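So the structure is just underneath, and the comments pick up after that.
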Amino acid sequence: MPSAFSPTRTVLFRLHWALGLSAGLVLALIGLTGALMSYEEAITARANRDRMQVAAAPDRPPLAPSLLAARIEAQRPGERIAALTLSGEPGHSAVVRFARNRAGGERPPSLYTDPSDGTVLGPMRLETFFGTVRALHRWLLLPGEGKGWGRPITGACAIALLVFLGSGLYLRWPGRHGWRVWLRPNLGRPGRARWWSLHAVAGTWLLPVYAVSALSGLWWSYDWYRAGATWLLTGQAKAQVAGPMTGQAPIERPVGQSEMRAADRKPPEGRPAIDAAWAAFTATHEAALATLTLPGPEASSIRIRWYAPDAPLRNEASYDARTGAPLGDQRAAEADLGQRIADNMLEVHRGRFFGAPVALLFCLAALALPGFFATGLTLYLLRRRAGRRRRPGRLPQPAGATGRG
C-alpha cells in the first residue's frame, strides 16, 4: 500500500491536477464531439429520412453500378464519383460520394439517389456539420488538418487521459477504506469531500471505458503507435486503415484537371470491371450495406467494404480493376481477435465492437468528460481557497494525501 505522505504520491497528485487544468479542457471538448459522433449514422438517417426511401417495384430493378455512376456524373459535369453505398434492402436509396477536387481540395456534397434510374434525391443533410465535428474531434480545427499541430495535441491529450487513470487509481487506492467508499459516491458529505467522492467514484467506474477509448484513439494520432499496435495485434508491420476516422468510405485520389476536362467532354459510358466485380460480390455475399469504390485510372483493385445484417464489424472484398475477378475476401467472422480489432479500430473506439449496450456506455462516458473537468476544477479552486484561509507559514497538506482531492 502506498504511503499517504510519500513523495511519489505528492508528485502524482500535482501531475494529476496540472494535467487536469490543461489537457482536461481539450478532453472535455473531445468528449462532447465524440458523443455526437457515436450516433452520427442514426442522427443523419433521421435528418434525411425523406431521402433514404424510394419506390420499390419489381419492374424497377437497380441499375448496374457503372450505369448508375455514369448517369449521376452526366448530371454533375467535372465531378467524379469515388464511391457508391448501396443497400441490400429494396426501397433504400443509394449514397454517392464524390472525389475531392484537386484545385480547391474540397469535396462536393454527398448525394442520395434512386438506384433504379439515377434520379438525384438531394444532398446529405448534416454532412457539413458532422465534418466540422469530426475535424474538431480529431485536430481541434487547427490549420493543416491531419498534418498540422491538431493531431499531435489530441494524441497528447489521449496520453494525458491514461496518466489521469493511472495516477487517480494510485492516489485513491483503498488502503484503509472499504470497498463501499471505493465504489459508491457519498453525496451527503459537505464541501470538497462531496465533489471528491463524485469525481473519484465516477472515474473508478468508467476507468475501463476511458482506457479503451484512449488506447484506441492513439491509433490515429501517431504512426509509430499504429505500427506497434498492428504488430502486437496481427504480427504484421503495417496497418490498413479505412477512411480517416469515419470507417465508411475509402480514401480516394483527387480528380486532376485533365480528368475533369475529359469528364466535361464525355461522361463515362461504362465500367465493365466494376459491374463484373459487383455481380460476383452480390452472388456470394449477403450484405445489409456495401460501399463500392470506383477505381481511378491508376487503381489496381476494386474494394467493396460491407456489413452483414445485424453485424457491426466491417468486411472487405477486393476485385481486379481490369477484369473484376475476385482477389481477396476478408470476413470479420473468420479473422482472429487481433485482426478483427485492427480492422475495426473505429468500432472499438466507439464501443460498438462490444455490442450496442457498451456503445451507449461509451457515449455516456464521453459526455461525462466535461463533468470530470468541472469537478476537478471545483476541487482545485476549493483547495486554493482553503489554503488561503490557513495560518501564514503553514504549508497546506496535499489533498491527495488524505484521498479527498
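If you go through the stretch 23-53 and keep only what is touching a residue at least 24 places away in the same chain (Cβ under 8 Å) and small (Gly, Ala, Ser), you end up with Ala23, Gly24, Ala28, Gly31, Gly34, Ala35, Ser38, Ala47. From the list Trp224, Trp149, the one residue that fits, being out of contact with any helix residue (DSSP H, G or I) (no Cβ under 9 Å at 6 or more places or on another chain), within 30 Å of Asp343 (Cβ to Cβ) and either in contact (Cβ under 8 Å) with a residue 12 or more places away in the chain or surrounded by fewer than 16 Cβ atoms within 10 Å (Cβ to Cβ) (or both), is Trp224.
Counting residues in the stretch 92-102 that are closer than 24 Å to Trp278 by Cα, β-branched (Val, Ile, Thr) and within 29 Å of the chain's Cα centre (by Cα) gives one or more. Scanning the stretch 326-340 for residues that are part of a helix (DSSP H, G or I), under 16 Å from Gln236 (Cβ atoms) and either polar (S, T, N, Q) or touching an Asp or Glu at 6+ places or on another chain (Cβ under 9 Å) (or both) yields a count of 1. Considering (1) at positive phi; (2) open to solvent by 70 Å² or more (accessible area, probe 1.4 Å), the lone condition that Gly78 does not fulfil carries the number (2).
Residue count for the stretch 44-59, restricted to those that are surrounded by fewer than 15 Cβ atoms within 10 Å (Cβ to Cβ), outside any helix (DSSP H, G or I) and of a type in the set (D, E, K, R): 3.
For (1) under 30 Å from Tyr210 (Cβ atoms); (2) of a type outside the set (Gly, Ala, Ser), each residue gets a yes or a no:
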residue: Arg80; (1), (2): no, yes
residue: Gly91; (1), (2): no, no
residue: Glu106; (1), (2): no, yes
residue: Pro109; (1), (2): no, yes
residue: Pro115; (1), (2): no, yes
residue: Val120; (1), (2): no, yes
residue: Leu140; (1), (2): yes, yes
residue: Gly155; (1), (2): yes, no
residue: Leu162; (1), (2): yes, yes
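The single residue among Thr230, Thr246 that is open to solvent by less than 30 Å² (accessible area, probe 1.4 Å), modelled with pLDDT under 85 and either of a type in the set (S, T, N, Q) or touching a His at 6+ places or on another chain (Cβ under 7 Å) (or both) turns out to be Thr246. Candidates are the residues of the stretch 45-69 that are in contact with a Leu (Cβ under 9 Å, 6 or more places away or on another chain) and of a type in the set (Gly, Ala, Ser); the one that is farthest from Leu126 (Cα to Cα) is Ser66.
Screening Leu161 on (1) touching a Ser or Thr at 6+ places or on another chain (Cβ under 8 Å); (2) modelled with pLDDT of 85 or more; (3) over 21 Å from Thr8 (Cα atoms) shows it passes everything except condition (3). For beta carbons closer than 6 Å, sequence separation of 6+ or different chains, a first residue in the stretch 54-81 that is within 11 Å of Leu294 (Cβ to Cβ) and polar (S, T, N, Q) and a second that is open to solvent by 40 Å² or more (accessible area, probe 1.4 Å) and in a helix (DSSP H, G or I), the qualifying pairs are Ser66/Asp275. Take the residues in the stretch 83-140 that are among the aliphatic types (A, V, I, L, M), open to solvent by less than 30 Å² (accessible area, probe 1.4 Å) and not in a strand (DSSP E or B); name whichever of them is farthest from Ala57 (Cα to Cα). Filtering the stretch 83-140 for residues that are among the aliphatic types (A, V, I, L, M), open to solvent by less than 30 Å² (accessible area, probe 1.4 Å) and not in a strand (DSSP E or B), the one farthest from Ala57 (Cα to Cα) comes out as Ala135.
For residues that are of a type in the set (Lys, Arg) and surrounded by 18 or more Cβ atoms within 10 Å (Cβ to Cβ), scanning just the stretch 320-376, find the one that is nearest to Arg305 (Cα to Cα).
Of the residues in the stretch 320-376, the ones of a type in the set (Lys, Arg) are 322, 331, 340, 350, 352.
Adding the requirement that they be surrounded by 18 or more Cβ atoms within 10 Å (Cβ to Cβ) leaves 340, 350, 352.
Working: Arg340: 14, Arg350: 19, Arg352: 17 Å.
The residue in question is Arg340.
Applying a threshold of 7 Å to beta carbon distances and a minimum spacing of six or more residues, or different chains, the list of pairs starting in the stretch 351-362 at a residue that is without any contact (Cβ under 8 Å) to a residue 24 or more places away in the chain and ending at one that is assigned to a helix (DSSP H, G or I) and basic (Lys, Arg) is empty.
The values are calculated or read from the model by the stated rules, or taken from the named source; none is laboratory data. These figures come from a predicted structure and were not determined experimentally. Backbone-built Cβ (ideal geometry, glycine too); neighbour counts: all protein chains shown. Note: areas computed on protein heavy atoms with side chains; ligands, DNA, RNA excluded. Shrake-Rupley method; radii C 1.70, N 1.55, O 1.52, S 1.80 Å.
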